[in-house]
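Taking it in order: structure first as structure tokens, then the write-up.
The values are calculated or read from the model by the stated rules, or taken from the named source; none is laboratory data. Keep in mind the model is a prediction, meaning the values are calculated, not measured. Positions of Cβ are backbone-derived with ideal geometry, glycine not excepted, and every protein chain shown enters the neighbour counts. The area values use the complete protein model at the heavy-atom level, side chains included, leaving out ligands, DNA and RNA. Shrake-Rupley method; radii C 1.70, N 1.55, O 1.52, S 1.80 Å.
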Amino acid sequence: MTATLPTSLTGLLKRTGLLTDAQIAALQQHAQQNDMPIVRAAVVQGTVPEDAFLEALAGLLHVPFVRLGSMTIESAILEKLPTRAVFQYNVIPLAIQNGALQVATNDPFDGGLVDALRLASGMRVKLALALHADIASAIKKFYGVGADTVEKLMQDGNRIEVAPEESLLKTDLSELDQEASIVRFVNQIIWEAYQERSTDIHLEPMENQLRIRYRVDGVLHQTPLPAQLSRFQAAIISRIKVMANMDIAEKRLPQDGRIGMRIQGEDIDIRVSTMPTVYGESVSLRLLMRGKEFIGFKELGLRERDYAIMRKLIDRPNGIILVTGPTGSGKSTSLYAYLHEINTIDQRIITVEDPIEYEMAGINQINVKTEIGLTFATALRHILRQDPDIIMIGEVRDFETAEIAIRASLTGHLVFSTLHTNDAAGAITRLLDMGVEPFLVASSLEAVVAQRLVRRLCQVCRRPFKPDEVFLKSAGFPVDRLATTPICENVGCEKCRSTGFRGRMGIYEVLQITEGIEPLILQRSSSNAIKQKGIAEGMIPLRDDGWGKVLESMTTVEEVLRVTEETE
């Protein structure tokens, strides 16, 4: 390999035909000043596309340029290089060819790389060039998150043993190295979740392994981990409990805690919950980005009709507006968008939440603390003495909370809250089932917004396709519109981490309580009767709103079917 390198790096870069003399000089200067490989410097500065640059270099150096996205590497090949060498040099072994180990790298100009890899593997080494992101993804896929940290723990295994449950409170100075490695591993897990835009991390003890899954865009993904990780399960969970100020000695009862972190200048509030299971404690972490910008009212994605209705209603002086949907359907995000829209200097807004997910300037936010008796109902009684104009209640959970909220709306307050129901009409029957009188519901409720979150198609790799119209008809899709409006499918690329989706968006069903709906409430009509009346008056059901967004190439048919029920 080294024999093929020309004596002049400048000459080689010029021969690629992609760089001018001025660009080459600037690149070399940037690389030297920042102690960065030439290829990385070119990508960071945006001088030339990485794939085109590497492909040109591969041709000049007579080595292959490979894409690692769908490549499968045998475990016997991976074991040829120690994990520490893989992470130290940012390389990955690919295959054995004619007795030589082929290794993918992003930096062909590291003069000592081949010799170092030959010593580490005990074999002749031939290089291949690959994208920096491809190598990083392959290392994570085949070695697992934190593999270098786990290898260090394994090396210390003979000297340091993970403390059994009954002796966790004992401290041994020889365990300091291990503790540092455990701390680093837990930080890597959280960092990885942050990079993936994950909202939740689940550490789940299985019979023979510790499984870690991230929830990204509402869907769980298992992250690859080193096989030996289960050996350090107790230490990892104990570290998280220490960070969350929880009792590490208590393993028989569920516990709750929180961790405050800052990543790249962004404040993150992590809610931690532990639950004893058959094979150990299961730990769930909910990541709340405190510095995250609010989604504006206009960016929620409401249809023109629904936007006009909601914009008019949130300016009302009194009444109740409910947002419904299952956990994780974006109800809090919508409530914050409504409040942000009407948060002016002449309005006193007070919220009662469990927990406070976003801190909003100019709004008085109260965090529920049931352990000291500060419940939704208790807080609401006292809020009414605080002269509010607008009240937001995190969730209506019982008759007492519902009754106080309705009384507040009838005495001149605008009230926002959430309910867990499948559709908009179901919120009305749910209130009646709680024991609220029909005339109170009819006179106080202004509108119910049911919503779901669907994954948004990646704008880079989505592509039009011809769907199965028989299947679409069975799902209720308006196939007659396909003649003029093609729909897209998810493909998968580096930008969306091969899922075909990036980010989420809402689909909505807005039921306004009109003069036609009120008699049905007073008669305690079924939710289906109320829903059909709403549709007759122009309400767009959840699934139909979803079809509209499919026809705009914003999501897929499968996503809408995943989160909605068929309209009766």
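Taking every residue in region 320-342 that is in contact (Cβ under 8 Å) with a residue 60 or more places away in the chain and pairing it with any residue that is of a type in the set (Ser, Thr, Tyr) and assigned to a helix (DSSP H, G or I), at least 6 positions away or on another chain, the pairs with Cβ-Cβ distances below 6 Å are Ile320/Ser409; Ile320/Ser444; Val323/Ser334.
Residue count for region 314-342, restricted to those that are open to solvent by 10 Å² or more (accessible area, probe 1.4 Å), among the hydroxyl-bearing types (Ser, Thr, Tyr) and in a helix (DSSP H, G or I): 2.
Residues checked against (1) closer than 25 Å to Arg497 by Cα; (2) in a loop (DSSP other than H, G, I, E, B):
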| position | (1), (2) |
| --- | --- |
| Gly11 | no, no |
| Met36 | no, yes |
| Arg40 | yes, no |
| Val43 | yes, no |
| Leu54 | yes, no |
| Gln88 | yes, no |
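Restricting the search to region 89-119, which residues are open to solvent by 40 Å² or more (accessible area, probe 1.4 Å), over 26 Å from Leu13 (Cα atoms) and either in contact (Cβ under 8 Å) with a residue 24 or more places away in the chain or of a type in the set (Lys, Arg) (or both)? Those that are open to solvent by 40 Å² or more (accessible area, probe 1.4 Å), over 26 Å from Leu13 (Cα atoms) and either in contact (Cβ under 8 Å) with a residue 24 or more places away in the chain or of a type in the set (Lys, Arg) (or both): Ile96, Gln97, Gly99, Arg118. For region 59-69, the condition of being open to solvent by 20 Å² or more (accessible area, probe 1.4 Å), without any contact (Cβ under 8 Å) to a residue 12 or more places away in the chain and outside any loop (DSSP other than H, G, I, E, B) holds for at least one residue. With respect to the conditions (1) surrounded by 15 or more Cβ atoms within 10 Å (Cβ to Cβ); (2) at pLDDT 85 or above; (3) touching a helix residue (DSSP H, G or I) at 6+ places or on another chain (Cβ under 7 Å), Ala31 falls short on a single one, namely (2). Only one entry of Ile190, Ile182 meets the criterion of being at pLDDT 90 or above, among the β-branched types (Val, Ile, Thr) and either open to solvent by 30 Å² or more (accessible area, probe 1.4 Å) or not in a loop (DSSP other than H, G, I, E, B) (or both), and that entry is Ile190.
Could you tell me whether region 534-542 includes any residue that is in contact with a helix residue (DSSP H, G or I) (Cβ under 6 Å, 6 or more places away or on another chain) and outside any loop (DSSP other than H, G, I, E, B)? Break it down stepwise before answering.
Within region 534-542, the subset in contact with a helix residue (DSSP H, G or I) (Cβ under 6 Å, 6 or more places away or on another chain) is none.
Within region 534-542 (the criterion being in contact with a helix residue (DSSP H, G or I) (Cβ under 6 Å, 6 or more places away or on another chain) and outside any loop (DSSP other than H, G, I, E, B)), the answer is no, since none of the residues qualifies.
The set of residues in region 488-521 that are surrounded by 19 or more Cβ atoms within 10 Å (Cβ to Cβ), among the small types (Gly, Ala, Ser) and part of a loop (DSSP other than H, G, I, E, B) contains only Gly500.
For region 286-302, taking the residues that are farther than 12 Å from Gly260 by Cα and at pLDDT 90 or above, the one that is most open to solvent (accessible area, probe 1.4 Å) is identified as Lys298.
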